[in-house]
Amino acid sequence: MKLFRDFLRGFKPKYRAIHDRQENLRTRTFATPEEGEVVLYETYMRRIRQTGETNLNLDVMNLLSYPPCKKLFAQLQKYPQEVVPAMDQVLKDLMLELADEDQQAGMDGMQGDQGDEEIADIMGKVYKVRPFGLTAVNMRDLNPSGMLS
């Protein structure tokens, strides 16, 4: 849970660009150096709050390209039933935390009672992480040890 929290709070597009370059994949170029430094998932979480969405799409290649999360990527592949619900909980906790930070900072639409309503609204919602980009594995191709045959 801590790793995923660190990922959501720290992932920047530059990590993906570095990873893609190392894998000899095409990478996008940033218009400015600042573009590679944006904390991407915080931006997504704020957008989710503003639009009332409850799903966060997670590109698992971003998870893999964030150096501290290589182990989490492997755990997500092997134990999705256990890892995804933990990710959902981290997402909800961070949604509340970000809303509180935005309220403290006096961000537009988060002042006073409006911010309190927004936080109460977040508390009543169920947030889901939707991982995508994993290679599909047919259950019939797995042997009892969980390895591909």
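Residue count for segment 4-23, restricted to those that are buried (at least 17 other Cβ atoms within 10 Å of the Cβ) and under 17 Å from ASP88 (Cβ atoms): 3.
Among the conditions (1) part of a helix (DSSP H, G or I); (2) exposed (fewer than 15 other Cβ atoms within 10 Å of the Cβ); (3) out of contact with any Leu (no Cβ under 9 Å at 6 or more places or on another chain), ARG26 misses just one, which is (1).
There is at least one residue in segment 43-62 that is over 30 Å from GLU118 (Cα atoms) and either assigned to a helix (DSSP H, G or I) or in contact with a strand residue (DSSP E or B) (Cβ under 7 Å, 6 or more places away or on another chain) (or both).
For segment 95-115, which residues satisfy the criterion of being in a helix (DSSP H, G or I), charged (D, E, K, R) and free of Cβ contacts under 8 Å to residues at least 12 places away in the same chain?
Matches in segment 95-115: GLU97, GLU101, ASP113.
Search segment 120-149 for residues being at pLDDT 90 or above and among the aliphatic types (A, V, I, L, M), and hand back the single one that is nearest to GLU82 (Cα to Cα). Looking at residues that are at pLDDT 90 or above and among the aliphatic types (A, V, I, L, M), I get VAL129. A count restricted to segment 65-83 and to residues that are within 13 Å of LEU3 (Cα to Cα) and either outside any helix (DSSP H, G or I) or of a type in the set (A, V, I, L, M) (or both) stands at 5. Candidates in segment 44-76 are the residues that are over 16 Å from VAL129 (Cβ atoms) and among the polar types (S, T, N, Q); of these, the one that is surrounded by the most Cβ atoms within 10 Å (Cβ to Cβ) is SER65. Does TYR15 count as within 30 Å of MET123 (Cβ to Cβ), out of contact with any Cys (no Cβ under 7 Å at 6 or more places or on another chain), in a helix (DSSP H, G or I) and touching a residue at least 24 places away in the same chain (Cβ under 8 Å)? Answer is no for this residue. Within segment 116-128, the residues that satisfy the criterion of being surrounded by 15 or more Cβ atoms within 10 Å (Cβ to Cβ) and either free of Cβ contacts under 8 Å to residues at least 12 places away in the same chain or assigned to a helix (DSSP H, G or I) (or both) are GLU118, ILE119, ILE122. The set of residues in segment 59-94 that are of a type outside the set (Phe, Trp, Tyr) and without any contact (Cβ under 8 Å) to a residue 12 or more places away in the chain comprises LYS70, ALA74, GLN75, GLN81, GLU82, VAL83, PRO85.
The values are calculated or read from the model by the stated rules, or taken from the named source; none is laboratory data. Quantities reported herein were computed from a predicted structural model and do not represent experimental measurements. Cβ: placed from backbone, ideal geometry, glycine included. Neighbour counts: every protein chain shown.
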